Structure formats: structure tokens, C-alpha cells
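Everything on this sheet refers to the single structure shown next.
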Amino acid sequence: MQNRQIILVKLPQGKLTVDCFQTREAPMPIPGPEEVLLRTLYVPLDAASRAWMQGVTYRSGLQVGDIMAATALAEVVESRSPLLAAGDLVLAETGWQTFTALPAAEALKQPNIVPHTHLLSVYGVPGLTAYFGLLECGRPKAGETVVVSAAAGAVGMFAGQIARLHGCRTVGIAGGAAKTALLTDRLGFDAAIDYKAENLHDALSRSCPNGIDVLFDNVGGDILATSLPHMAKQGRIVCCGAVSQYDTASPPAAPAGISGLLIVNSLTMQGFLLADFLQRQEQGLAALTAWVAEEKLVVIEDLITGFELLPAALVGLLAGENIGKRIVQVARCSA
């Protein structure tokens, strides 16, 4: 058996394209003492991975010749450590390859939840990011208006639903009629704005007549700039992502006039990483699990099958093709 790997063969100049990647075959890795051999099952895709090609972020930047980075859901094929056994499911930094050998201590054992993809969506980074970002940074109160950008994306759809569960009026911003219809028809948003078809300023005035109490922003750029003047007094802006700035060689400057708007309206603007709240992960998982079991939280995943489709799937994600968490299935679990 061979190990298939996808390598970054050139750094993008502008938008990411599939020819920035190349597939190669490598020898099957052999685990050493205290290591495990992992077979990659599912690779979750995130727009932030494009930013890793721009330089150092919350992790090291990617260089030409690197295996494309990713944390994936994998199955233990062989273990030389008492920490894990063959057949265990783990989260590990595998990168875009079909097999990986690494220290067992670097693989986080996962419960055997069905479907397994929920470990990468509602019970993974997207769900937990939405939970802690909204509730800890946004601090929504019943009756307030919460606006979520990229609301049909992996994090946004959970943030909006959690806001509604806390008694808030929720408005989603998304691109395209299909996405905005999904927000109101399936996810329970009170209103949805198609930024591609509507004037965003006018739509926010109509949808948020009393202002925005909490802005959960995944986009940055023009959407953030247009939303800021609509903030209510004592409003909170949660900076979760900046997808508008990732797929470019030179990210644009921040919206002008932020300082004045923050001061005049006594606003709070806060960025965060999920790592800030990992010590409270069990609290978030307990709440998310209960909401899913009670059918109060809708989970939508965008599943693509085929290791070779990883580059095109990431390019498509950056273009806004996905609804919900985009995940590429590489192999089937043996269990």
C-alpha cells in the first residue's frame, strides 16, 4: 500500500487555484515506539486554511513543498502505545494524506458518535466556536437583535440558531437566494439578507430598525464596514472570522472610522480563538448535545467524497459554494 499526499507546490498570487496543489505517492509510514498509524477518514475544510498560505497566523505559515495542513478525523490502524487501540477514532494533525504516523499523545480520542461527521461540525470546531463566541463574547440577552454574517456557513448557522434559543431576534447575512431561504425556512432565523442582491445598508435598516445589539461577524471587509453604523448603543461585535480577506495576495485594510463608531456608541469589539475556551469544552459539548437530541439545533453538512477532490473542494469553499460545514470523506471507517 502507498500513502497518498497532496502537496502545496506553489503559493497563490491572488485567489487560490487547484494547480497550487499536486498529488504524490509516498511510502507507507511505519509507527515507532509510543506512536500510532492513522488512516484518514474525514478532512474538514476551513476558509482560514487559505490564510495559512499568507504567513504566520495562530499557526505556522505554509511553504512550498509542505503537505497541505489539516486536522482530520482518523482511525487507528496500528498502535504501539497503551493510550490508543486499533479501531479508535481520533482527531489529529494529519494533513492532506491518507495515512499518518505520529505520537499517540498527539491524537485526541473521540467518542464513536454516529454520524461521525458530527464530530467535525456541531460537536467540533464550528459548533464550539459558535457557542463560546456568541455566548461569551457576544453576551446576548433575550429580546436583543443578533446579526450573523456568513450565516449559512459552518459557524454562522449554529451562532444564529443559538441566538434564537436564547430568545434573540436573529438576522442572517448570506449570499444567494438559496442560502437566505434556508436561514428562514429551516434554521429559524427571523430575517435573512442576500448581500449579493440587496443593498446591505438599506436591508439592515429595514431588518434592524432598533439597531444591532450583537454582530457575529465571520466576514470582515465591506460587510463589517456596512454593519458598524447600524450598531445599537452598548452593542457587542464578535470578530470570529475574516473570510473576505483570506483569498487574496494583499488583504484590504480594516474599515475606516472604527474608533469613532466604537466610542460614540460605546461598543465592544472582541476577537477570539476557540483555544481561549478549551478548558470549558465539556460545558459547550453538553449544551450542543442536548439541543441536537431535543431537535432544537439543525445540523447541515456539505459532504464530498474523494481524496483527490480536496483541492477543488477548498477552492469552492472559498468561493462560497458550501452550505454548512464542508467535509471531504477520504475513507470509510472499518467498524
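Counting only protein heavy atoms and a 1.4 Å probe, tell me what percentage of the stretch 1-68's accessible area is made up of carbon and sulfur.
After summing per-atom areas, the C and S share lands at 53 percent.
Can you tell me the dipole magnitude for the stretch 207-335 around its Cα centre, using point charges on the Cβ only (Lys, Arg +1; Asp, Glu -1), in Debye to the nearest 20?
With Lys and Arg at +1 and Asp and Glu at -1, about 240 debye.
Please compute the alpha carbon radius of gyration of the chain, then divide it by the globular-protein estimate 2.2 N^0.38 Å. Two decimals is fine.
Dividing the Cα radius of gyration by 2.2 N^0.38 Å gives 1.02.
What distance in nm separates the two pseudo spin-label positions at GLN281 and GLU93, each 7 Å out from Cα along the beta-carbon direction?
1.5 nm
Of all the Cα-Cα pairs you can form in the stretch 198-307, what percent are over 25 Å apart? It would help to have the intermediate numbers written out before the result.
Numbers: 2491 of 5995 pairs.
Cα-Cα pairs of the stretch 198-307 separated by over 25 Å account for 42 percent.
For the stretch 1-159, state what percent of all Cα-Cα pairs lands in each successive 5 Å bin, counting from 0 Å until the bin that includes the largest distance.
Pairs per bin, as whole percents: 2, 8, 15, 16, 17, 16, 12, 7, 4, 2, 1, 0.
For the stretch 279-287, take each phi angle, set θ = phi - 60°, evaluate the Karplus expression 6.51 cos²θ - 1.76 cosθ + 1.60, and give the result in whole Hz per residue in order, putting x for glycine and proline.
Each residue of the stretch 279-287 in turn: 5, 10, 4, 4, 4, x, 5, 4, 5 Hz.
For the chain, what does the helix formula give at 222 nm: sum of -39500 (n - 2.57) over DSSP H segments with n ≥ 4, over the residue count, nearest 500 deg cm²/dmol?
Using -39500 (n - 2.57) per qualifying helix, the result is -6500 deg cm²/dmol.
Can you pull the percent of the stretch 156-207's accessible area that's carbon plus sulfur, 1.4 Å probe, other chains left in place?
Roughly 45 percent of what the probe reaches on the stretch 156-207 is carbon or sulfur.
For the stretch 80-93, take each phi angle, set θ = phi - 60°, evaluate the Karplus expression 6.51 cos²θ - 1.76 cosθ + 1.60, and give the result in whole Hz per residue in order, putting x for glycine and proline.
Computed from phi, the couplings for the stretch 80-93 are 10, 9, x, 6, 9, 10, 4, x, 5, 9, 9, 9, 7, 7 Hz.
Of all trypsin sites (Lys or Arg not before Pro) in the stretch 117-170, which ones are in loop regions per DSSP and have a Cβ with at most 13 other Cβ atoms within 10 Å?
Counting only loop positions with at most 13 other Cβ atoms within 10 Å, the trypsin sites (Lys or Arg not before Pro) in the stretch 117-170 are LYS141.
Can you compute the charge dipole magnitude of the chain about its Cα centre, using +1 on each Lys and Arg Cβ and -1 on each Asp and Glu Cβ, nothing else charged? Give it in debye, rounded to the nearest 20.
Its charge dipole is roughly 360 debye.
Which of ALA142, VAL43, ILE323 sits closest to the plus end of the dipole of the chain, meaning its Cα is farthest towards the positive end, when Lys and Arg get +1 and Asp and Glu get -1 on the C-beta?
About the Cα centre, the residue reaching furthest to the positive side is ALA142.
Kirkwood-based Rg over Rh for the stretch 94-164 (C-alpha set), two decimals?
A ratio of 1.11.
Compute the Rg to Rh ratio over the stretch 260-335 from the alpha carbon atoms, using the Kirkwood formula for Rh, and round to two decimal places.
Radius of gyration relative to Kirkwood radius: 1.12.
Quick one: accessible area per residue over the stretch 68-199, 1.4 Å probe, rounded to a whole number of Å²?
On a per-residue basis, 35 Å².
For ALA192, which sequence-distant residues (separation of 5 or more, or a different chain) have an amide H within less than 5 Å of its own amide H, given hydrogens modelled in the peptide plane?
GLY172
How much length is gained if the chain between ARG206 and ASN265 is pulled fully straight, taking 0.36 nm per residue apart and subtracting their Cα-Cα distance, in nm to one decimal?
19.3 nm
Taking amide H positions as placed 1.01 Å from N in the peptide plane, with prolines and chain starts having none, which residues 5 or more places from CYS168, or on another chain, fall under 5 Å of its amide H?
HN-HN under 5 Å from CYS168: GLY143.
Can you find, among THR289, LEU215, GLN234, the residue sitting farthest towards the positive end of the charge dipole of the stretch 178-323, where Lys and Arg contribute +1 and Asp and Glu -1 at Cβ?
GLN234
Where Rh is the Kirkwood radius over the Cα pairs of the stretch 127-255, the temperature 20 °C and the viscosity 1.002 mPa s, what D in µm²/s does Stokes-Einstein return?
151 µm²/s
So how do 326-333, 269-276 stack up, highest first, on mean other-Cβ count within 10 Å?
Working: 326-333: 20.0, 269-276: 14.4.
Going from most to least packed, we get 326-333, 269-276.
Rounded to the nearest 5, what % of DSSP beta bridges with both residues in the chain are antiparallel?
Percentage antiparallel, nearest 5: 55.
Within a Cβ distance under 10 Å of ARG169, other residues only, what is the Lys/Arg minus Asp/Glu net charge?
Spelling it out: positives minus negatives among the neighbours equals -2.
Near the amide H of ALA101, under 5 Å away, which other amide H atoms are found, from residues 5 or more places off or on another chain, if H is placed in the peptide plane?
Long-range HN contacts for ALA101: LEU38.
Counting only protein heavy atoms, what percent of the accessible surface of the stretch 278-335 is carbon or sulfur at a 1.4 Å probe?
Carbon plus sulfur share of accessible area: 52 percent.
Could you derive backbone 3J(HN,Hα) for the stretch 50-61 from the dihedral phi with the Karplus parameters 6.51, -1.76 and 1.60 (θ = phi - 60°), listing whole Hz in sequence and x where the residue is Gly or Pro?
Result, rounded to whole Hz: 5, 5, 5, 7, 8, x, 5, 10, 7, 9, 5, x.
Between VAL292 and LEU108, with labels modelled 7 Å along Cα→Cβ, what's the label distance in nm to one decimal, could you check?
For VAL292 paired with LEU108, the spin-label model returns 1.5 nm.
On the principal axes of its Cα set, how long, how wide and how thick is the stretch 17-80? Give whole Å, largest value first.
Here the Cα extents, ordered largest to smallest, are 37, 26, 20 Å.
The values are calculated or read from the model by the stated rules, or taken from the named source; none is laboratory data. Since this is a predicted model, take the numbers as computed values, not measurements. Cβ coordinates were reconstructed from backbone atoms using ideal geometry, including for glycine residues, and neighbour counts include every protein chain displayed. To get the accessible areas, we keep the full protein, side chains included, count just its heavy atoms, and leave off ligands, DNA and RNA. Shrake-Rupley method; radii C 1.70, N 1.55, O 1.52, S 1.80 Å.
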